[in-house]
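Below: one structure, written as structure tokens.
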Amino acid sequence: MNLDDMLSQRPELIFISSFHIPYTKRGKPAKRAMAEFKCSNDGCDRTFTTRQDRIMKMTGLCKPCANIHGGKSRSTHGHNNRNSRLHVLWANMKRRCINPTEREKRNYGDRVSICGEWRDYAPFMEWAMSNGYRDDLTIDRIDPDKGYCPDNCRFVDYSTQSANRRKTDKNKSGYIGVSLCKGKYVAKVQWRKKQIHIGTFDNKSEAALMRDIYIINNNLPHTLNFKATNR
């Protein structure tokens, strides 16, 4: 079934555009058909992308709205229900720590653990309900290099969680938010689906420092490159 046929059967979806992204399939280069949509939830202006082969199954909602919708539909018996959003969040968190997938092992290594107290759902639920849990928030580790425990976790929106990330293995500059482009180091910040260009610099440490200063001056939640920088 082609894209037009699928869209004709899903008139509730707000289609924006289609495109292809390269990937490797069984060691050979290939292209994956993607599509961009506007969230169909009233009052939400987010856009999101998905694989075209998922169009017939998708809800038409962006991830935050889908989580809220799913939480409402699952929580008929409260947060203690195994199908409630909070219980699913806890189960996924526990699985990532105890039985991670190969991709999660590559991304997290041995950094992600869960404290003994939270291996049972009841203590986690009690902590969550006392520390600001809502269906539109997600759990975030304050220090990305430490595990899941009461002292290192909080509930935040998705933009804040995305901002609180460590330097990835793909990073070549050694600094978060700094990349090399045409012999110069570019400092950027990603915030609320917008990429903010801070400046272009001759050396990477200067670029990293100016990124930290921008984050501090604008009171953003992003991880700093230099821990000694005062917020």
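Could you put THR49, THR160, THR24 in order, starting from the residue whose Cβ has the fewest other Cβ atoms within 10 Å?
On the way: THR49 13, THR160 18, THR24 8.
Taking fewest neighbouring Cβ atoms as first place, the list is THR24, THR49, THR160.
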Overall Cα dimensions of the chain, principal axis frame, Å, largest first: 53, 48, 40
List the lysines whose Cα lies under 20 Å from the Cα of LYS57, skipping any in the same chain that are fewer than 8 positions away. LYS38, LYS72
At GLU126 and ALA66, where each label point lies 7 Å from the Cα along Cα→Cβ, what is the point-to-point distance in nanometres? 3.4
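Bear in mind that the values in this text are calculations on the coordinates, not laboratory data. From a predicted model like this one, the values you see are computed outputs, not experimental measurements. All Cβ positions, glycine included, derive from the backbone under ideal geometry; neighbour counts span all protein chains shown.
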